[in-house]
Amino acid sequence: MRSLLSAGLVRLWRCKALWISCAATAGYEIFSVLSRWLRGGKGGQVVYNLDGGFFQFSGMIVLVSALICAFLIGPEHGDGTVRNKLVTGHSRRDIYLSNLVLSALASLTSCLAAILPGLALGLPLLGGFEMGAARACRMLLGICALSVAYAGIFTAVTVLISNRAVSLTSAVILALGLLAAGAYLNGRLTAPPTLQGYELSVNGQLMAAVPTPNPDYLPEGPARSVFQFLYDFLPGGQTGQYITVSAPRPELLMAYDALIFAAVTAAGLVMFRRKDLK
Amino acid sequence: MTPVLTTTALTKVYGKFIALDGLTMTVPRGAIYGFVGRNGAGKTTLIRLICGLQAPASGGYSLYGVDSRDRKIAKSRRRMGAVVETPSIYLDMSAEDNLKQQYRILGLPDFTGVPELLDLVGLGDTGKKKARSFSLGMKQRLGIAVALCGDPDFLVLDEPINGLDPQGIIEIRELILKLNRERQITVLISSHILDELSKLATHYGFIDRGRMVREMSAEELEAAARKCMRVTVSDTATLALVLDGMGAEYKILSDAQADVYARLNVTELTLALHERGCEVRSIEERDESLESFFVNLVGGERHA
């Protein structure tokens, strides 16, 4: 296992996808902080603090994780270099777990690539977190846990799909699907009970119409509970909560991340052990 | 001496297709074992199984006497190197980096053997050139170098000369012979290019439809692949009369040609034919090729 990790770290260091991803998350975070600082400096009514835009990089982590896994693990299976590991006596479990560790490390690195310059620039320019340092730390830990969960998911996808192009496409589609699911769940949970329509009076004035019930609204009850659970449980939903700084209980989301990571890894290991490699 | 590889009733099934059907074979130490079979006969499937890429449906195999179901099989595999189908190399790395990477995978403490290995396979002067830019022959040689990283004493090569130009074929052949003679590496080499294999192999295994048809040494094959004299004469009817008189086995090919499967005194034969007014135009000694032996073995309607 140690030798696999040692070899994997060398590949990770040379993985262009990792450095491009780090540059992208860091660049986005720096842009976010600077743009808020510049807008705040114009003396408008709105006071900009660090909280608002700081966590938005979490929206990129899902795609970053998918791409890194596809470019790091995909060639191992697509070009057949995984055979060199198996032929020389490494177990499938060790191969899978070493890939998982590397993917998680890569995902965390791209998170840190956003967090560190964000803090370095944001703290002096925008001041501290209004939510408090403790909650900000919990949020950041939650994002790191989410990134590890994503690494678990995309490791399974890229290890189990041998074709390089298919594994890359599948990982990206899954990433977008998870984000879309999160956005849908967020939309349903935040839907207002009624829709406010407007009508034009005879003299041309715009007047508020009688509000109509919103078909997307979820009243309190089992359906809303299920939607709320899915929004908390699914990584796409969690991403939405971190982007909008609306995660009330990051600890719960971290527990779900641990569950997803363990379940996907267990399933991935079982399937990889049974998989016929070529 | 324990054979390097033994398979016992090895079976592999893909859906309804039986790729290996109770295959039993033995690869002796020090041999260059030519694994001969037409496309789809099950050669690559066997190699995938012994490399641990796939699991057999039934039956088993042993490497250096360690059974495939034994946990120690992983340790036995450390003594083998393999190139399965395409060379397993990192295309975005140079030849040297590929070997260093394999050294790391093997957990070897340093890279001192890398330059020697590169020289051995003739890639010592490739510098920083990425494997992506290598020719097929260079990639194949790099694949073999990667397989040799752990200093194995059993090398498995699956169709190593497929797609190579004549120069590449000669290079790979010489490399395999060198490894076998100088490093005493046992080589299992699968191929359907039989004439090429006949220049290397010390042992043969003929496989057809997932079954071992016959295993034999090169000496046995030489004895079995019958030598004959191809005689071209003016009249094969007269030739037949003379050969019958000599008690020789023969086969008439046309009005003018026949194959004679006996060691005859050429002068006696020529004089006997001359007495009957039959002109001898040519006599040439012929060996039955590995191809024709294989075709006879597995049936003429399918070819390797």
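Summary table
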read-out	value
Contour excess over end-to-end distance, with Cα ends at residue B:110 and residue B:246 and 0.36 nm allotted per residue	41.9 nm
Positive minus negative residues near residue A:110 (Lys, Arg vs Asp, Glu; Cβ under 15 Å)	0
Average Cα contact separation per residue, the stretch B:36-137, under 8 Å, 6 or more apart, as relative contact order %	22
Karplus-derived HN-Hα couplings along the stretch A:70-87 (A = 6.51, B = -1.76, C = 1.60, θ = phi - 60°), whole Hz, x at Gly and Pro	5, 7, 8, 8, x, x, 4, 8, x, 8, x, 5, 4, 5, 4, 6, 5, 4
Stokes-Einstein D for the stretch B:25-181, Kirkwood Rh over Cα pairs, 4 °C, 1.567 mPa s (µm²/s)	79
Ranked list, fewest to most other Cβ atoms within 10 Å of each Cβ, for B:284, B:171	B:284, B:171
Long-range HN-HN contacts of residue B:81 with modeled amide H, under 5 Å	B:154, B:155, B:156
Inter-probe distance in nm under a simple model that places probes 7 Å from Cα toward Cβ, at residue B:280 and residue A:263	8.8
Kirkwood-Stokes translational diffusion coefficient of the stretch A:154-257, alpha-carbon pairs, 37 °C, 0.692 mPa s, µm²/s	198
Simple spin-label estimate for residue A:31 and residue A:274 in nanometres, 7 Å along Cα-Cβ	4.5
Gain in span if fully extended, residue B:69 to residue B:292, counting 0.36 nm per residue against the direct Cα distance	76.4 nm
Relative contact order of the stretch A:1-125, pairs being alpha-carbon contacts under 8 Å that are 6 or more residues apart, as %	49
Neighbour net charge for residue B:94 - beta-carbon separation under 12 angstrom, K R +1, D E -1	+2
From phi via Karplus (6.51, -1.76, 1.60), per-residue ³J(HN,Hα) for the stretch A:173-184 in Hz, x at Gly/Pro	4, 4, 4, 5, x, 5, 5, 5, 4, x, 5, 5
Cα-centre dipole for chain B with unit charges at Cβ (Lys and Arg positive, Asp and Glu negative), debye to 20	1660
Per-peptide average of other Cβ atoms within 10 Å, ordering B:234-241, A:200-207 highest first	B:234-241, A:200-207
The stretch A:1-25-the stretch B:107-170 distance, computed between alpha-carbon centres (Å)	25
Interchain or long-range residues, amide H under 5 Å from residue B:250's placed H	B:261
Cα gyration tensor shape for the stretch A:37-191, rounded if a/c is under 1.5, else prolate or oblate	prolate
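Each value in this text was obtained by applying a stated rule to the coordinates, not by laboratory testing. Just so we're clear, the structure is a prediction, and the values are computed from it rather than from any experiment. Cβ sites come from the backbone with ideal geometry, for glycine too, and all protein chains shown count toward neighbours.
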